[in-house]
Amino acid sequence: MNLSLERKAFILALLAASLSLGGAGLAAISIKAMPGSGTVTATSGASSSEIVATPELIAQGHEFFGTSCSECHGDDATGDEGPNLHNLSISNARIAHTIKNGIKGEMPTFAKKYDDKQIAAIVSYLRTLH
């Protein structure tokens, strides 16, 4: 399913607004890929830990995706009610923040369901989608 340009712009605007209004710098999880490696760094508050994006972690993220995300984003993440998640051009931190905090009126929060490492697994899985 292809999304219209207007819908894509609307979704991106909602995402930007949720980051801005949600105080992303205060409570957000920061996940970034280390250049040239399969390492994902997850930061929440003052603590930081590196998570290697192993096949097992990616498989775990795929499982979490199937449990919580596929209903809206489709089994293959190409979109349905929610947008296509292939080739995302937003940062890992923004993806993690959106998973954790949701988008008001569009996507539920998963902060109580998944911890930072589990969210990092989902982000690792999403980064494999091309």
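Quick check on my filter: what residues within region 80-97 are in contact with a helix residue (DSSP H, G or I) (Cβ under 6 Å, 6 or more places away or on another chain) and buried (at least 16 other Cβ atoms within 10 Å of the Cβ)?
Scanning region 80-97 gives Gly82, Pro83, Leu85, Asn92, Ile95, Ala96, His97.
Looking at (1) farther than 16 Å from Leu126 by Cβ; (2) surrounded by 13 or more Cβ atoms within 10 Å (Cβ to Cβ); (3) at pLDDT 95 or above, can you tell me which one Ala28 breaks?
Single failed check for Ala28: (3).
When you go through Ala121, Ala42, Ala46 one by one, which is the residue that is over 26 Å from Arg7 (Cβ atoms) and modelled with pLDDT of 95 or more?
Only one candidate qualifies: Ala121.
Quick one: count up the residues across region 65-118 that are part of a loop (DSSP other than H, G, I, E, B) and among the polar types (S, T, N, Q).
The qualifying residues number 6.
Does any residue in region 58-72 that is open to solvent by 60 Å² or more (accessible area, probe 1.4 Å) come within less than 7 Å, Cβ to Cβ, of a residue that is assigned to a helix (DSSP H, G or I) and not hydrophobic (A, V, I, L, M, F, W, C) six or more places away or on a different chain, and which pairs are these?
From residues that are open to solvent by 60 Å² or more (accessible area, probe 1.4 Å), the pairs are His62/Tyr125.
The values are calculated or read from the model by the stated rules, or taken from the named source; none is laboratory data. The model shown is predicted, which means the values in this text are computed figures rather than measured ones. Positions of Cβ are generated from backbone atoms using ideal geometry, with glycine treated the same way; all protein chains shown enter the neighbour counts. Surface areas here come from the heavy atoms of the whole protein model, side chains and all, with no ligands, DNA or RNA. Shrake-Rupley method; radii C 1.70, N 1.55, O 1.52, S 1.80 Å.
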